[in-house]
Amino acid sequence: MNTIIERYHDVTARIEAAARKSNRAASDITLVAVSKTYSADDIAPVLQLGHRVFGENRVQESQGKWPSLKHDHADICLHLIGPLQTNKVREAVALFDAIETLDREKLARTLAKETQSAGKCPELFVQVNTGNEPQKAGIVPEQADAFVKLCTGTYGLTVTGMMCIPPFDEDPTPHFIQLAAIAERNGVSKLSMGMSGDFEIAIELGATHVRVGSAIFGART
Ligand SMILES: *Cc1c(COP(=O)(O)O)cnc(C)c1O
């Protein structure tokens, strides 16, 4: 059964087509293959194809499967795309190469402390709650500029990207446009936006990272 491989190739072809359509180089778009809930056995065929960038939403689940995979493939780049509790920051800094969910001062403060003692820092993306959804993580858009300044100025963190998860029942277009505008005015160059259902739109609106899970690995149960 090569369905994961077939779907992976289909997704990369769609990324290339979307890039072409907006006169962008496909190489400027990073596919973050979201492997949450999938086992190391499901991930293996994608690794065998040479893919190296993966996304997970839970620190604990990731600690169960990624250390050995990273041991076998030193160039894996693992992104944390789910909420991060401050009591898990040390583990997250140790395991992840990028944290896409920096969204509050307490987390910035803890990251500053833990990255200093670890002597390394994952790449950081600020998550913006573009839909102002009360139940969703992310800094609200009105506070995003001040929050980026706080992270960089007060806490000395380097913020290179922004991430959003639009409300799932809405057209994502205005959310992607808003995220791109916030990033641009803050001098942040990377944009993590677009999932299985909308990554082509995100690419047309400037995404540098698309987080695609079910379109590659299949529906999660
Ligand atoms: C699960 C998840 C994804 C991938 O979702 P799919 O619809 O399966 O592509 C992307 N981003 C975040 C933050 C997620 O939690």
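Quick look at the numbers
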| item | result |
| --- | --- |
| Test result for residue 74, assigned to a helix (DSSP H, G or I) and either away from the ligand (no atom under 16 Å from the Cβ) or open to solvent by less than 40 Å² (accessible area, probe 1.4 Å) (or both) | no |
| Residue match in the stretch 180-200 (condition: within 16 Å of the ligand (Cβ to nearest atom), farther than 28 Å from residue 3 by Cβ and open to solvent by 50 Å² or more (accessible area, probe 1.4 Å)) | yes |
| From the options 24, 58, residue that is modelled with pLDDT of 95 or more, away from the ligand (no atom under 16 Å from the Cβ) and either farther than 29 Å from residue 94 by Cβ or crowded, with 16+ Cβ neighbours inside 10 Å (or both) | 24 |
| Count of residues meeting criterion [free of Cβ contacts under 8 Å to residues at least 60 places away in the same chain and within 14 Å of residue 216 (Cβ to Cβ)] in the stretch 53-78 | 3 |
| Matching option when the condition is within 14 Å of residue 210 (Cα to Cα), among the hydrophobic types (A, V, I, L, M, F, W, C) and outside any strand (DSSP E or B), among 44, 18 | 18 |
| Scan of the stretch 27-38 for residues that are open to solvent by 50 Å² or more (accessible area, probe 1.4 Å) and under 20 Å from residue 92 (Cα atoms), ordered by number | 37 |
| Selected residue (criterion: nearest to the chain's Cα centre (by Cα)) from residues of the stretch 201-221 that are more than 10 Å from the ligand (Cβ to nearest atom) and open to solvent by less than 10 Å² (accessible area, probe 1.4 Å) | 207 |
| Test result for residue 13, away from the ligand (no atom under 13 Å from the Cβ) and over 27 Å from residue 126 (Cβ atoms) | yes |
| Complete set of residues in the stretch 171-221 that are at positive phi and in contact (Cβ under 8 Å) with a residue 40 or more places away in the chain | 218 |
| Top-ranked residue of the stretch 130-147 - restricted to ones that are polar (S, T, N, Q) and surrounded by fewer than 20 Cβ atoms within 10 Å (Cβ to Cβ), ranked as modelled with the lowest pLDDT | 135 |
| Some residue of the stretch 166-178 being within 13 Å of the ligand (Cβ to nearest atom), closer than 22 Å to residue 36 by Cα and open to solvent by 10 Å² or more (accessible area, probe 1.4 Å) | yes |
| Test: residue in the stretch 86-94 that is open to solvent by 20 Å² or more (accessible area, probe 1.4 Å) and assigned to a loop (DSSP other than H, G, I, E, B) | no |
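Residue-wise test of (1) within 16 Å of the ligand (Cβ to nearest atom); (2) open to solvent by less than 20 Å² (accessible area, probe 1.4 Å); (3) on the phi > 0 side of the Ramachandran plot; (4) modelled with pLDDT of 95 or more.
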| position | (1), (2), (3), (4) |
| --- | --- |
| 63 | no, no, no, yes |
| 78 | yes, yes, no, yes |
| 83 | yes, no, no, yes |
| 102 | yes, yes, no, yes |
| 105 | no, no, no, yes |
| 109 | no, no, no, yes |
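The values are calculated or read from the model by the stated rules, or taken from the named source; none is laboratory data. The model shown is predicted, which means the values in this text are computed figures rather than measured ones. Reconstructed Cβ throughout: ideal geometry from the backbone, glycine too, with neighbour counts over all protein chains shown. To get the accessible areas, we keep the full protein, side chains included, count just its heavy atoms, and leave off ligands, DNA and RNA. Shrake-Rupley method; radii C 1.70, N 1.55, O 1.52, S 1.80 Å.
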